[in-house]
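The values are calculated or read from the model by the stated rules, or taken from the named source; none is laboratory data. All values reported here derive from a predicted model rather than from experimental measurement. Quick reminder, even Gly has a Cβ in these numbers, built from the backbone with ideal geometry, and neighbours come from all protein chains shown. Note: accessible area is taken over every heavy atom of the protein model, side chains too, but ligands, DNA and RNA are not part of it. Shrake-Rupley method; radii C 1.70, N 1.55, O 1.52, S 1.80 Å.
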Amino acid sequence: MNNLIELTSGDITRLDVDAIVNAANNSLLGGGGVDGAIHRAAGPELLAECRTLGGCETGTAKITKGYALPARHVIHTVGPVWHGGNGGEQELLASCYRQSLLLAKQHALRTVAFPAISCGVYGYPLQAAAQVAIRSVREFATDPGSVEKVYLVCFGDEMLEVYHGLL
Ligand code: ADP
């Protein structure tokens, strides 16, 4: 259990894992931040598949192939926009991690990498988000048959320091 979570820093699109998670928006039709980076690296076929999915509710997740990415799959999840913390943000963010890991389990995926969902333009406070991420991953991973390795990918030193402090 102690080696379930691994911290890494850098660009999630470079990782050779069974799935990378995309911090997408409700349309699933691409955006800025990590979403833009994933679509650029995966190529136009990813957007074509996303168009068939009919969007994605906040706190839920959908899976596609990885196309030109080293990762075999992309799990698209939509984090909450931070509105001060009384709008169910914590539960929605936890749900993103759980639903993504549930999809991974259903597809028998062993290695999954997450960006810091909602920690960019969606404005979730980093410390609070990192706590939710770690707790949700640890809780889910006690399920038999779930993922073996979860990479928490930090894009920048600030996120890395927050996660280091908590792990
Ligand atoms: P959100 O809309 O959910 O806040 P963002 O893409 O704006 O999503 O940011 C989510 C997190 O992803 C932020 O911590 C941001 O620094 C990080 N990020 C941006 N680009 C990449 C990348 N290429 N690889 C990994 N993480 C990234």
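Shape analysis of the stretch 24-99 yields a ratio of the Cα radius of gyration to the Kirkwood radius, Rg/Rh, of 1.00.
Rounded to the nearest 500 deg cm²/dmol, what is the calculated helix-only ellipticity per residue at 222 nm for the chain, with -39500 (n - 2.57) per DSSP H run of length n ≥ 4? Can you show the working numbers first?
Details: 5 runs with 61 residues, N = 167.
Estimated from H runs of four or more residues: -11500 deg cm²/dmol.
Entry comment: accessible area of the chain is 47 Å² per residue, from protein heavy atoms only and a probe of 1.4 Å.
Ranked by the mean number of other Cβ atoms within 10 Å of their residues, highest first, the peptides 43-50, 146-153, 76-83 fall in the order 76-83, 146-153, 43-50. Summing charges over all other residues whose Cβ lies under 13 Å from the Cβ of residue 45, with Lys and Arg as +1 and Asp and Glu as -1, gives +2.
Taking the DSSP bridge list for the chain and keeping only pairs wholly inside it, about 25 percent are antiparallel. Net length available on complete extension from residue 81 to residue 158 is 25.7 nm, with 0.36 nm assigned per residue and the Cα-Cα distance removed.
Provide the net charge surrounding residue 122, with neighbours chosen by a C-beta distance below 14 Å and charges set as Lys +1, Arg +1, Asp -1, Glu -1.
Numbers: positive: none; negative: 35, 89.
Every neighbour counted, the sum reads -2.
Carbon-plus-sulfur fraction of the accessible area of the chain, 1.4 Å probe, in percent?
Values: 3920 of 7810 Å².
Roughly 50 percent of what the probe reaches on the chain is carbon or sulfur.
Computed packing ranks the peptides 56-63, 30-37 as 56-63, 30-37, most packed first, by mean other Cβ atoms within 10 Å. I'd like the distance between the alpha-carbon centres of the stretch 19-38 and the stretch 51-95, rounded to an integer number of Å. Value for the Cα centre distance between the two parts: 8 Å. Along its principal axes, the chain has C-alpha extents of 39, 34, 28 angstrom, given from the largest down.
Multiplying the residue separation of residue 138 and residue 57 by 0.36 nm and removing their Cα-Cα distance gives an extension gain of 26.8 nm.
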